[in-house]
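The values are calculated or read from the model by the stated rules, or taken from the named source; none is laboratory data. Note that this is a predicted model, so its numbers are computed, not measured. When we count neighbours, we look across all protein chains shown, and the Cβ atoms used for this are built from the backbone with ideal geometry, even at glycine. In case anyone asks, the SASA skips ligands and DNA or RNA and just uses the protein heavy atoms, side chains included. Shrake-Rupley method; radii C 1.70, N 1.55, O 1.52, S 1.80 Å.
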Amino acid sequence: MSRAEMNQLGWDACDVILVTGDAYLDHPSFGMALVGRLLEAHGFRVGIISQPDWHSAEPFRALGKPRLYFGITAGNMDSMVNRYTSDRKIRSDDAYTPNAEPNKRPDRAVTVYAQRAREAFPGVNVVIGSIEASLRRIAHYDYWSDKVRRSVLPDSKADILLFGNAERALVDLTRRLDAGEPIESIRDLRGTAFMVRPGWRPDGWDETASTAIDRPGRIDSHPDPYAMEPTAAAPATSADGAQPVRIVSREERVASRRAQREHTVVRLPSYEEVKDDAVLYAHASRVFHLESNPGNARAMVQLHGEGPGARDVWLNRPPLPLTTPEMDFVYGLPYARQPHPVYAGARIPAWDMIKFSINIMRGCFGGCTFCSITEHEGRIIQSRSEASILREIEEIRDRSPDFKGHISDLGGPTANMYRMACKDPEIERSCRRLSCVYPGICENLGTDHGPLIQLYRKARAIPGVKRITIGSGLRYDLAVRSPEYVKELVTHHVSGLLKIAPEHSEDGPLSKMMKPGMGAYEAFRELFEKYSKEAGKKQHLVPYFIAAHPGTTDEDMLNLALWLKERDFRLDQVQTFLPTPMAIATAMYHSRKNPLKKVSADSETVETVRTGRIRKLHKAFLRWHDPENWPILREGLMRMGRADLIGAGPKCLVPRHQPAGPAAAGRPGAPVGGPVRKPVADAARQPGRAPAARRHPARAPAAGSKRAMRDR
């Protein structure tokens, strides 16, 4: 991190200099440490510039010019999510900065850092990556500017972008650059994106328009295969009328189609088209997500600009998932498991949370529309071996002086997807479903919790380990398939509170989230309470809910509030929907169309809550018990014709009179509320009753702080 350290090592220059928006924490949960140690293991000299002052290029010259490239990342979180709340207000702290100090990174940090690196050393190679770059690799809706922005590539002027699980691409790219290959000639790595002249294609490749795959607008009828009129030219025949016949095996046909598919690029509507046409934007989002399985995805290309300056943004196929030995290698590198000494003991909240936790897997097959994990890590679960995980626990025990015997998590994006996979690799390779568990759990999905149960038992048997709790979000509709797992979890691995994420109680929002109905939640709750009682423990579920998600009406939020009140849930921290780049729910928010189905001008309209006043009302419904929310709730209930819920009766949601104190200053404003469905017939209805259809598990939290999990 400094010239002095380079001198200690005898380095005259770094091969690679990594720039990050986070403090440098040498732990495998932090991307910069993982990337740095991986390159180090392959023989490269790596420097790290952490949270540079971006107001000039000088801090980017601190370690000199890198021999191969600058690697640019915003950090573990998207910089805009890190800096702003869902109400577009600047956050007062930053969990990834010493002493949680705010404003230590710029907006859109990848773009700013890349430009400064170019300014510091003109002509240097610039490689961008991380979740911020990954989720902005094509034209995307940007919530903070309320417009569709270009791919991050033309804005950052980077040479190449690495997305998804980028370890293989990173090592291959670095080796090829080290061998003298120009960066502009490296065009064949999976999980990379770059800019090329319009119409460029590798030799032997074909191009197909996305509108031919999933046509937005009017759907033409298919030709009748039983019609007498010929629909194609008949095969040529010889002079005597004989026609050659060749029987082609299924294997040959499949292999031919697969080879053709692997050499076909899908052209998405251009940036200029999607920024002005909401239907085309939703269509592009739908095609992008359909082309996300690395087993069958095609490359994609999108034109940016017009005239002589136009360029294509080319996306190669997604990276293949890491194997278990590869995962073990990456997580078994010699991490210091400490913040860099330069921070001199300053408190870094994200470090406090993660230092005794262990990543056991990556990826998520849930496909929740508001979550970006699948767009970044993929749907195929990548698991470490049991031996690798147990070794890391022992390493924490032996090398962490402040370890008191508590492992705070064995998890990842989802706590209980460890080693789960499709039962048939060929089916997995061919599948184009956006979720393995919605609207129901796929019959081809293996849901065995046995390996995870065994891991828990072996982990807590390690000498010196007193307690292991599970901090990652739980997929409860998978968990109920294994009562043995629920018993193991509840008996040994809950610290008193267990977080799960039903997200809503009503069918409308749940269908837009690709989430299960409340039946799965109730089934899990019954098992949780049963096994807690058997263990003699007083434990509670902490449910998470989202306000103002696309497809949510005022009536939906009222019904959820009644559901919460009936169960006396008094939520403390609640989340208003935050549209993050490239998520399907973000496409719904921007376009008011549903990319989960075919999109056209006449297709389903998704109601979206956009104004701040309505978003505040929806959030207030989640905290129905807070007196500060009562004025806006009274106003909303009056507008909805539900004055019967205002008063002192047991069926009422808020009292008629405001108590003395700060909450009494609720000022009346413009009418609040969004689209309303039919009124609730009976205020005393049973809102906790499970909806008739649609089952789906809880959202997977992202790596990093708990706030990061909810925001992402």
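Below is a table of values for the structure above.
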item: Total residues in the range 354-389, condition out of contact with any strand residue (DSSP E or B) (no Cβ under 9 Å at 6 or more places or on another chain) and open to solvent by 30 Å² or more (accessible area, probe 1.4 Å); result: 4
item: Residue tally, condition in contact with a Phe, Trp or Tyr (Cβ under 9 Å, 6 or more places away or on another chain) and either over 16 Å from residue 152 (Cα atoms) or surrounded by 18 or more Cβ atoms within 10 Å (Cβ to Cβ) (or both), over the range 289-315; result: 10
item: In the range 563-577, residue farthest from the chain's Cα centre (by Cα) [restricted to those that are hydrophobic (A, V, I, L, M, F, W, C) and open to solvent by 10 Å² or more (accessible area, probe 1.4 Å)]; result: 569
item: Elements of type helices (runs of 4 or more DSSP H) contained in the range 23-129, each with 1 or more residues being more than 26 Å from residue 344 (Cβ to Cβ), in contact (Cβ under 8 Å) with a residue 60 or more places away in the chain and not aliphatic (A, V, I, L, M); result: 109-120
item: Among (1) in contact (Cβ under 8 Å) with a residue 12 or more places away in the chain; (2) under 21 Å from residue 340 (Cα atoms) - the single one residue 5 does not satisfy; result: (1)
item: Of the criteria (1) of a type outside the set (Gly, Ala, Ser); (2) out of contact with any helix residue (DSSP H, G or I) (no Cβ under 6 Å at 6 or more places or on another chain); (3) assigned to a helix (DSSP H, G or I); (4) surrounded by fewer than 19 Cβ atoms within 10 Å (Cβ to Cβ), which one residue 448 fails; result: (3)
item: Flag for residue 146 being out of contact with any Ser or Thr (no Cβ under 6 Å at 6 or more places or on another chain), surrounded by fewer than 22 Cβ atoms within 10 Å (Cβ to Cβ) and without any contact (Cβ under 8 Å) to a residue 40 or more places away in the chain; result: yes
item: Positions within the range 613-646 being of a type in the set (A, V, I, L, M) and closer than 12 Å to residue 561 by Cβ, in sequence order; result: 617, 620, 622, 633, 637, 640, 645
item: Hey, residue 481 surrounded by fewer than 24 Cβ atoms within 10 Å (Cβ to Cβ), touching a Ser or Thr at 6+ places or on another chain (Cβ under 7 Å) and within 28 Å of residue 372 (Cβ to Cβ) or not; result: yes
item: Residue, farthest from the chain's Cα centre (by Cα), within the range 390-421, restricted to residues that are open to solvent by less than 10 Å² (accessible area, probe 1.4 Å) and under 12 Å from residue 455 (Cα atoms); result: 393
item: For residue 388: the one exception among (1) hydroxyl-bearing (Ser, Thr, Tyr); (2) modelled with pLDDT of 95 or more; (3) within 30 Å of residue 290 (Cα to Cα); result: (3)
item: Contacts under 7 angstrom Cβ, first residue in the range 442-464 being among the aromatic types (Phe, Trp, Tyr), partner in a loop (DSSP other than H, G, I, E, B), 6 or more apart; result: 456/493
item: Single residue of 79, 56 found to be within 13 Å of residue 112 (Cα to Cα), modelled with pLDDT of 95 or more and under 20 Å from the mean Cα position of the chain (by Cα); result: 79
item: Residue match in the range 591-598 (condition: within 17 Å of residue 621 (Cα to Cα) and either among the small types (Gly, Ala, Ser) or crowded, with 19+ Cβ neighbours inside 10 Å (or both)); result: no
item: Matching residues in the range 484-507 - criterion: being at pLDDT below 95, over 24 Å from the mean Cα position of the chain (by Cα) and open to solvent by 30 Å² or more (accessible area, probe 1.4 Å); result: 495, 497
